[in-house]
Amino acid sequence: MLLRILLFVGLAVLVYLGVRRIWNDWSGKFNADAEEAKRLARERDKLERQRPDVIDLKRGDDGTYRPKDRDDADKRH
């Protein structure tokens, strides 16, 4: 009877460790894929900002976003 209990406990531990390892492997893979997607999106955004047809917006005092003026850097509020 004791041998049967030890056998089932041993099997349960092996199954638990296997499931835990699979969980860690998969979650690590998904996290790595998410980080890679973020990095690619940041690179794409940086490249898009350099295009001449992209307009930079500045948030006004009223909360509305408007195109930046070229002489806006000289203004001090």
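None of the figures in this text is laboratory data; all of them are computed from the coordinates on show. Note that the coordinates shown come from a computational prediction; the quantities given were computed from them, not determined experimentally. Note that we place each Cβ from the backbone using ideal geometry, even for glycine, and neighbour counts take in every protein chain shown.
Overview of results
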{"quantity": "Where a residue in region 57-69 is touching a residue at least 12 places away in the same chain (Cβ under 8 Å) and its partner, wherever it lies, is β-branched (Val, Ile, Thr), with Cβ under 7 Å and at least six apart", "calculated": "67/55"}
{"quantity": "Residue identified as among the charged types (D, E, K, R), surrounded by 10 or more Cβ atoms within 10 Å (Cβ to Cβ) and touching a helix residue (DSSP H, G or I) at 6+ places or on another chain (Cβ under 8 Å) among 29, 58", "calculated": "58"}
{"quantity": "Total residues in region 1-60, condition of a type in the set (D, E, K, R) and touching a strand residue (DSSP E or B) at 6+ places or on another chain (Cβ under 9 Å)", "calculated": "3"}
